[in-house]
Amino acid sequence: MNNSMSELWSRLGFLAIALVVYRIGTHIPIPGINPEQVAALFQQSQGTILQYFNLFSGGALERMSIFALSVVPYISSAIVMQLFSNSVPYLQELKKDGQAGRNAITQYTRYGTVLLAFIQASALAVTLSSGGLAYNPGTAFFVSAVFSVVAGTIFLMWLGEQITQRGIGNGISLIIFSGIVAEIPRALVTTFELGRTGAI
């Protein structure tokens, strides 16, 4: 009994530390970003779909942090692999191959995550450059922004897997949940303010 309680507390402690690390990461900006321009952009986008994407990322998008993409590339890759594993013969065989097959599919999901992260990070970097949100838009900014965001996404994918193995519950789901919960109070205040001023 004592061993089970000790393991439970150990898992809860790891989960708490992992989520704190995630929340700290949402405040680390992409190198070369102009925070004043980013703040002005989000001030103008109150009540738009951009706010919902920001809520999903736990505020990382609004701060243009290295976690701006959150775990979206991983989720997209997992969905694609799920679809392919039901239609591609090679992946169907892997699914029947027990734990070894599942491990291989997980590895392909990781590769897909990195690929999608590069594509989405490139689009984000181009948008930031063309939108005047970078101090010195150019090749150096593009490369540093893309690799920073991709590294942030890979770290979140790894952190989610660690939470699943050493914490409690599904790590990716908990990361998304903690980000949404952290932003709910501010989202409510913003909504009430918009209602009070008659904007909505």
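Readers should treat all values here as calculations from the given coordinates under stated rules, not as data from a laboratory. Quick caveat: nothing in here was measured; it's all calculated off a predicted structure. Note that each Cβ is placed from the backbone with ideal geometry, even for glycine, and that neighbours are counted across all protein chains shown.
So the values come out like this:
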item: Spin-label model distance (nm) - residue 196 vs residue 184, 7 Å beyond Cα toward Cβ; result: 2.1
item: Where Rh is the Kirkwood radius over Cα pairs, Rg/Rh for the stretch 85-200; result: 1.12
item: Among 139, 109, 164: highest mean-square fluctuation, GNM of the chain, C-alpha pairs under 10 Å; result: 139
item: Label point 7 Å beyond Cα of residue 36 along Cβ direction - residues of the stretch 133-152 with amide nitrogen under 15 Å; result: 133-136
item: The chain, relative contact order [Cα under 8 Å, separation at least 6], %; result: 30
item: Nearest-ten-degree value, helix 72-84 long axis tilted from longest Cα axis of the chain; result: 40
item: Neighbourhood net charge (15 Å Cβ-Cβ; Lys/Arg +1, Asp/Glu -1) for residue 22; result: +1
item: Ratio of Rg to Rh over the stretch 1-102 (Cα coordinates, Kirkwood Rh, two decimals); result: 1.16
item: Simple label model, 7 Å out from Cα along Cβ direction - residue 21 to residue 4, nm; result: 2.9
item: GNM top mover of 103, 34, 170 - the chain, alpha-carbon springs below 10 Å; result: 103
item: Cα-based Kirkwood hydrodynamic radius, the stretch 99-154, one decimal, Å; result: 12.3
item: Enclosed volume per residue, in Å³, of the convex hull spanned by Cα atoms of the chain; result: 148
